[in-house]
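Notes follow once the structure below has been shown.
The values are calculated or read from the model by the stated rules, or taken from the named source; none is laboratory data. No experiment lies behind these values; they were computed from the predicted model shown. Counting neighbours? That spans all protein chains shown, and the Cβs are built from the backbone with ideal geometry, glycine included.
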Amino acid sequence: MKRSPLFLMLAGIWMAAGPSPVIAQEDFDLDRIPDTQPATSDETSRDVGTAQQNKIFLEDALGLTGRRNNLVVPSPSAHQPDVQARSSLDVTAHRDWADGLSATLSDRLDLSWRNDLDVSSHRSIANDFREAYLTWEPVSQTYVESGRVNLRNGSALGFNPTDFFKTRSLVNQTNLDPSALRNNRLGTFMVHAQRLWSDGSAGLAFGPKLADASPLTGTDPGGFDVRSGRTNAEDRMLVSLTQDIGDFSPQALFYHEADRTRWGLNLSHPVGQSIIAYGEWAGGRQASGVAEAVAFGKRTGTLPTTAPVPASADSAVSFKNDLALGASWTGSEKVTVNAEYHLHQAGLSRRDLRDWFASSARGAPSLANELWYVRSFAADQQNPLVRHQIFLRADWTDAVISHLELSAFAFISLYDGSSQTQLAASYDLSDHWSMGLYAAANLGGAQSEHGSFPQSASLTMQVIRYF
Amino acid sequence: MVLALLLVTGTAQAQTAQELVTASDAVRNPGHPFRLTNTLAEYVGGKPRDKVVLVVFAREDKSTRQFSNLVRYAEPARDQGKLVLLDGAKMWFYDPASKASIRISPQQRLIGQASNGDVVSVNLARDYQASLTGTETLQDADRQPRDCWHLDLAASTADAIYSRIEYWIEKGSNRPVKGKFYSDSGRLLKIAYYRKYETQLEGVRPTETIIIDAVDPNLVTIMTMTDYRFQDIPDAWFQRDFLPRLRVEE
């Protein structure tokens with residue numbers, strides 16, 4: 001290595017001068033190094049592979065719910081539990097076999113108790129058969145999966161227009177945070193093929209119709225039913241294409257199901273050191289959410305065939321957009337904040353909501369029932385009820401003390417300022433034990449989107465043991 | 001003429017300092033794609049508190065000399081299977097429980113133990129402009145005196161994680177001995193000591209890095225690198241859609 005004469009001369013001067021006081025100060029850092037025996041090679045290289053991998057945990061949750069009296073629109077579900085307890089065994093297992101073949105299983109068994117339900121009822125046991133599929137890699141970077149697969153898309157946090165397989169997939173939840181809701185959902189029976197190349201990928205998924213659509217409420221079989229009437233009630237197809245272009249990580253999607261076709265696009269881009277901007281759009285021809293909900297209710301027998309469609313409901317099929325635009329910001333103190341705007345063009349307008357509250361309050365019980373049904377339908381589809389809303393979320397990792405995570409989120413209606421909010425604290429007691437506390441509330445006036453819910457607040461405590 | 005001479009020799013000196021950093025980078029990082037197991041033991045007040053085990057896949061882009069990393073959590077059990085992709089401006093976090101791939105910012109990269117990888121497999125010569133501060137006899141992590149070049153590294157690309165690094169490289173061997181990493185505001189963030197040099201992947205490399213948190217004076221992380229292997233890592237691995245596909249052989 002060549003070094004200039006001046007470099008060597010300067011180095012010589014430094015050496016002749018001897019160690020400076022700065023050096024002694026540098027050595028103070030050594031006093032902070034703990035006196036310890038490092039991990040041995042055997043300890044550190046254990047269980048790092050994925051050839052045989054299991055993730056198993058037990059979860060106990062106890063929830064208390066507070067209720068409102070004098071609802072503007074009476075809820076047809078008069079008997080809801082005030083106290084619920086649930087114990088869950090959650091298992092995810094993966095095995096690699098020869099010739100690029102592997103198997104994945106994801107399942108959850110819930111044992112529930114509610115103060116309005118006898119423990120001997122079959123509905124107190126429910127098994128969520130989330131995933132079970134084989135993966136084959138016939139040639140490098142080409143994958144074929146077959147079975148029940150949880151295929152997820154979308155870059156946003158509070159609302160994912162391009163997550164086309166999200167509909168009717170949610171099962172029991174402890175934490176209402178959208179980032180946690182996805183942890184426990186049903187996959188779709190499908191064949192999925194994907195090809196990856198250096199800076200992109202293409203995928204094709206087809207999920208056949210295996211059962212008639214199951215009703216939305218009341219007769220969920222629970223037990224060990226795989227609930228294919230939720231996830232495979234129609235032939236479903238998704239085509240996706242991802243290609244890195246200018247740090248935007250674009251992903252284009254095409255989805256088709258029965259008489260519905262949707263196009264989708266995901267984009268994300270870093271802005272400076274602390275911000276990620278992202279956007280997610282889907283669009284296609286469809287009727288309004290109310291018209292779709294009522295039609296679904298009639299088709300599955302939950303609503304009478306003579307059920308009226310509210311005058312304000314738009315049953316005409318037209319091109320409608322879903323959009324989530326947002327950004328995340330991370331500060332130096334391990335705080336991350338997300339802010340998103342959600343557009344759901346098929347949702348209720350301000351006038352729709354106001355008129356419906358007014359007519360239901362005037363004593364039209366069938367419309368009241370439909371309002372609650374439409375709400376349940378929107379939640380089941382994981383779509384907003386109204387057209388415009390804001391989503392805010394803040395997360396603080398290692399808050400105050402290490403391993404304590406504090407988070408809060410709010411869905412805020414842009415029509416009336418009402419909100420669904422949750423404050424959460426989770427703490428990792430050790431590598432194997434975690435606990436969480438979740439306090440949620442529906443805030444707003446009696447005739448507001450969120451203030452009209454019968455549940456005013458809830459408190460849930462959770463303990464998890466990982467194995 | 002004196003000014004011209006100073007300019008010329010100054011440039012030569014800077015180039016030489018840069019060469020030292022390049023040589024030191026080669027000591028830490030093999031020239032071919034590789035994987036290793038990184039065990040991070042966290043100590044608070046000198047007492048062990050946490051252990052995280054990561055499997056790190058690293059590959060240098062020969063044209064840009066930038067390292068790309070795939071980091072997979074093997075322990076603790078609650079984080080098993082989570083992945084972090086670090087590839088220039090492309091940074092993603094993947095959680096197998098939710099199947100969610102979330103794009104993360106450079107600032108988010110600094111949250112979590114995976115961030116400590118940036119004092120391991122990174123080409124400092126690529127992202128920093130080095131200048132010689134002087135030579136010093138410095139005690140290494142085992143309190144052995146080492147004759148070192150003391151260099152000052154200033155961020156020169158947008159990819160640089162730290163604004164400034166003080167770096168001590170042992171004369172002759174070009175082994176890194178110590179680094180001090182600073183934020184944009186000049187705040188000292190972490191201090192790193194490199195030790196336990198062993199022959200791994202065709203070179204003598206530090207298999208242990210001690211990271212002293214300069215913000216929390218009680219916090220020290222010891223990173224132990226084991227199970228070094230050369231590994232074929234295709235381009236297709238460094239993208240969001242590959243993350244659910246990563247399989248780690250025993």
Item to check | Checklist (1) out of contact with any Ser or Thr (no Cβ under 8 Å at 6 or more places or on another chain); (2) more than 8 Å from every other protein chain (Cβ to nearest Cβ) applied to B:Arg245, failing item | outcome: (2)
Checklist entry - Restricting the range A:248-290 to residues that are out of contact with any strand residue (DSSP E or B) (no Cβ under 7 Å at 6 or more places or on another chain) and over 30 Å from A:Asn369 (Cα atoms), which is nearest to the other protein chains (Cβ to nearest Cβ)? => result A:Gln273
Checklist outcome for this item: When restricted to A:Asp27, A:Asp47, A:Asp42, the only residue modelled with pLDDT under 80, surrounded by fewer than 18 Cβ atoms within 10 Å (Cβ to Cβ) and at positive phi is A:Asp47
Checklist entry - In this structure, is B:Glu136 part of a strand (DSSP E or B) and more than 27 Å from A:Ser274 (Cβ to Cβ)? => result yes
Next on the checklist: If I ask for residues that are out of contact with any Gly (no Cβ under 7 Å at 6 or more places or on another chain) and in a loop (DSSP other than H, G, I, E, B), which ones from the range A:418-438 would you list?
Outcome noted: A:Leu429, A:Ser430, A:Asp431, A:His432
Checklist outcome for this item: If you go through B:Leu70, B:Leu54, the only one that is in a strand (DSSP E or B), more than 12 Å from chain A (Cβ to nearest Cβ), buried (at least 19 other Cβ atoms within 10 Å of the Cβ) and not acidic (Asp, Glu) is B:Leu70
Next on the checklist: Can you confirm whether B:Lys62 is more than 8 Å from chain A (Cβ to nearest Cβ) and out of contact with any strand residue (DSSP E or B) (no Cβ under 7 Å at 6 or more places or on another chain)?
Outcome noted: yes
Checklist entry - Considering the range B:151-181 alone, what residues qualify as being aromatic (Phe, Trp, Tyr) and at pLDDT 95 or above? => result B:Tyr167, B:Trp168
Item to check | Unmet requirement for B:Leu201, which otherwise passes all of (1) of a type in the set (A, V, I, L, M, F, W, C); (2) within 11 Å of another protein chain (Cβ to nearest Cβ); (3) more than 30 Å from B:Ile102 (Cβ to Cβ) | outcome: (2)
Next on the checklist: For the range B:198-245, give me the residue count where each residue is over 22 Å from B:Ala74 (Cβ atoms) and of a type in the set (Ser, Thr, Tyr).
Outcome noted: 1
Checklist entry - Checking A:Arg351 against (1) in contact with a strand residue (DSSP E or B) (Cβ under 7 Å, 6 or more places away or on another chain); (2) under 25 Å from A:Val72 (Cβ atoms), which single condition isn't satisfied? => result (1)
Checklist entry - Tally time: how many residues in the range A:145-174 are under 10 Å from the mean Cα position of the chain (by Cα), more than 20 Å from A:Ser268 (Cα to Cα) and not charged (D, E, K, R)? => result 1
Checklist entry - Quick one: would you say B:Thr209 is under 17 Å from A:Ile33 (Cα atoms) and more than 10 Å from every other protein chain (Cβ to nearest Cβ)? => result yes
Next on the checklist: So A:Arg108 passes all but one of these: (1) more than 14 Å from chain B (Cβ to nearest Cβ); (2) part of a strand (DSSP E or B). Which condition number does it fail?
Outcome noted: (1)
Checklist entry - What pairs come up if the first residue lies in the range A:133-153 and is within 12 Å of chain B (Cβ to nearest Cβ) and touching a residue at least 60 places away in the same chain (Cβ under 8 Å), the second is buried (at least 16 other Cβ atoms within 10 Å of the Cβ) and part of a strand (DSSP E or B), and their beta carbons are under 6 Å apart, counting only those six or more places apart or on different chains? => result A:Leu151/A:Ala205
Next on the checklist: Could you go through the range A:306-322 and let me know if any residue there is buried (at least 19 other Cβ atoms within 10 Å of the Cβ), of a type in the set (Gly, Ala, Ser) and out of contact with any helix residue (DSSP H, G or I) (no Cβ under 6 Å at 6 or more places or on another chain).
Outcome noted: no
Checklist outcome for this item: Flagged in the range A:222-265 as among the aromatic types (Phe, Trp, Tyr) and either touching a helix residue (DSSP H, G or I) at 6+ places or on another chain (Cβ under 6 Å) or without any contact (Cβ under 8 Å) to a residue 24 or more places away in the chain (or both), in numbering order, are A:Phe248, A:Phe254, A:Tyr255, A:Trp263
Checklist outcome for this item: Apart from one, (1) outside any strand (DSSP E or B); (2) more than 16 Å from the chain's Cα centre (by Cα) all hold for A:His192; the odd one out is (1)
